[in-house]
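In what follows, a single structure is set out as structure tokens and then discussed.
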Amino acid sequence: MKRVLLVTAYDGTDFAGFQAQKSGVRTVEGVLNQALGSLTGERIEVIGASRTDAGVHALCNLAVFDTDSRIPGDKFAAALNTRLPEDVKIQESFEVDPDFHPRHCMTIKTYEYRIYNAPFPSPVYGRNCCYSYTPFDTERMRRAADCLTGTHDFKSFCSVYSQALTTVRTITGISVTEELLKDPAGIRGCFYGSRGEDRAAAGKNRRSLLMPRIISIRVSGTGFLYNMVRIIAGTLMEAGRGAIRPEDMPSILAACDRRAAGPTAPARGLTLVSYRIFPEESSRARSGSVPADPPVDLKKTPQNGGKVPEIFVDTPK
């Protein structure tokens, strides 16, 4: 018997979340189990690291399973991908230690929430971005986001349906960036300023309303509450449109009341983009020699003592 780890990417649009459900609805875990059973002839149930919600995407969610198959660990990715649908694929696979559990490790996870901000929606960005025609002030969003870094009680940013024993969590980093999208037809300048108005000035004045852009909110932390990142995104969007003042964020945190924060942003804008495991810290924490905290220097690459390599998958910013 050996344990194999899968680095899994999926478009969550047509999934009812990662975790298998008794109702039999389509889930990432269910699809993986079916493909593994077809490949190995065994009854296999994977253990996922992050049980993402319905509609949420991932570039690098982790899952492990035990098998008696003679297929080498690093060959499962290719073998499974021929059996998996187009909206879920394995990015990498390898054998890990028998006691490795993806939910019992020191990790830093990064989620990215993407907003397609333009006068009209686009079918190209419809599956992986939240759409809004409201112009957002990204500087206000950054100022509001700065208040959330560190260890806080995030009860205000947690779904009322959460069953977590504690709502204290640590955000190690948060950023708000924007990317202006070029005029795809190349004709914008042909019409602005056609009545004698300076075209450059006209373009500058209309940019916030007329130039489509992608606003990205990246949140990194050691763990997240149910709907936490989506509520943070919804609250920052409220700050961006002027409904919440950035200086009000500390009082929203202190309220420990879900009603104090903004709405829960739609699931389709959220993607798990980075997953870092720190094997040495995880091993020492399991043995009780160190507290269960992430390493202080997050940029330090730990030396791998066993079969558990550091997982680090990221997307360009």
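The values are calculated or read from the model by the stated rules, or taken from the named source; none is laboratory data. Small disclaimer: the values here were computed from a predicted structure and weren't measured. Cβ sites come from the backbone with ideal geometry, for glycine too, and all protein chains shown count toward neighbours.
Listed by first and then second residue, the pairs linking a residue in the stretch 111-135 that is farther than 23 Å from Gly173 by Cα and without any contact (Cβ under 8 Å) to a residue 60 or more places away in the chain to a residue that is in a strand (DSSP E or B) and hydroxyl-bearing (Ser, Thr, Tyr), with Cβ atoms under 7 Å apart and 6 or more places separating them unless they lie on different chains, are Pro121/Tyr131; Tyr131/Tyr116. Among the strands (runs of 3 or more DSSP E) confined to the stretch 111-227, the ones with at least 1 residues that are hydrophobic (A, V, I, L, M, F, W, C) and modelled with pLDDT under 95 are located at 168-180. Please go through the stretch 86-110 and pick out each residue that is at pLDDT below 95, over 23 Å from Ile232 (Cβ atoms) and hydrophobic (A, V, I, L, M, F, W, C). Once the filter is applied, which keeps residues that are at pLDDT below 95, over 23 Å from Ile232 (Cβ atoms) and hydrophobic (A, V, I, L, M, F, W, C), the stretch 86-110 yields Phe94, Val96, Phe100, Cys105. Are any residues in the stretch 1-25 in contact (Cβ under 8 Å) with a residue 60 or more places away in the chain and not in a strand (DSSP E or B), and if so, which ones? The answer is Met1, Asp11, Gly12, Thr13, Asp14, Phe15.
Look at the stretch 258-272: where a residue is buried (at least 21 other Cβ atoms within 10 Å of the Cβ) and part of a loop (DSSP other than H, G, I, E, B) and a partner is basic (Lys, Arg) and modelled with pLDDT of 95 or more, sitting 6+ places away or on another chain with Cβ atoms under 6 Å, you get Ala265/Arg230. Please determine, by comparing only the residues of the stretch 86-110 that are part of a strand (DSSP E or B) and hydrophobic (A, V, I, L, M, F, W, C), which one is nearest to the chain's Cα centre (by Cα). Selected residue: Ile108. Does Arg83 satisfy the condition of being in a loop (DSSP other than H, G, I, E, B), modelled with pLDDT of 95 or more and among the basic types (Lys, Arg)? When the stated conditions are applied, Arg83 passes them. Considered as a group, the residues in the stretch 228-238 that are under 20 Å from Asn61 (Cα atoms) and either in a loop (DSSP other than H, G, I, E, B) or hydrophobic (A, V, I, L, M, F, W, C) (or both) include one that is farthest from the chain's Cα centre (by Cα), and that residue is Met228. Scanning the stretch 88-116 for residues that are in contact with a Phe, Trp or Tyr (Cβ under 6 Å, 6 or more places away or on another chain) and either closer than 28 Å to Cys130 by Cβ or basic (Lys, Arg) (or both) turns up Val88, Lys109, Tyr116. Looking at Val176, Val160, just one residue is surrounded by 20 or more Cβ atoms within 10 Å (Cβ to Cβ) and either small (Gly, Ala, Ser) or touching a residue at least 40 places away in the same chain (Cβ under 8 Å) (or both), and that residue is Val176. I'd like the residue in the stretch 9-24 that is among the charged types (D, E, K, R) and at pLDDT 95 or above and, out of all such residues, is farthest from Cys130 (Cα to Cα). Checking each candidate, the answer is Asp14. Scanning the stretch 222-237 for residues that are more than 17 Å from Phe136 (Cα to Cα) and of a type in the set (Ser, Thr, Tyr) turns up Thr222, Tyr226. Among the residues of the stretch 48-55, some residue qualifies, meaning at least one is outside the structural domain of Gly126 (by TED's automatic domain parsing), closer than 14 Å to Val4 by Cβ, within 15 Å of the chain's Cα centre (by Cα) and assigned to a strand (DSSP E or B). Check the stretch 111-123 and report whether any residue there is under 19 Å from the mean Cα position of the chain (by Cα), surrounded by 19 or more Cβ atoms within 10 Å (Cβ to Cβ), under 19 Å from Leu272 (Cβ atoms) and among the charged types (D, E, K, R). Yes, the stretch 111-123 has at least one match.
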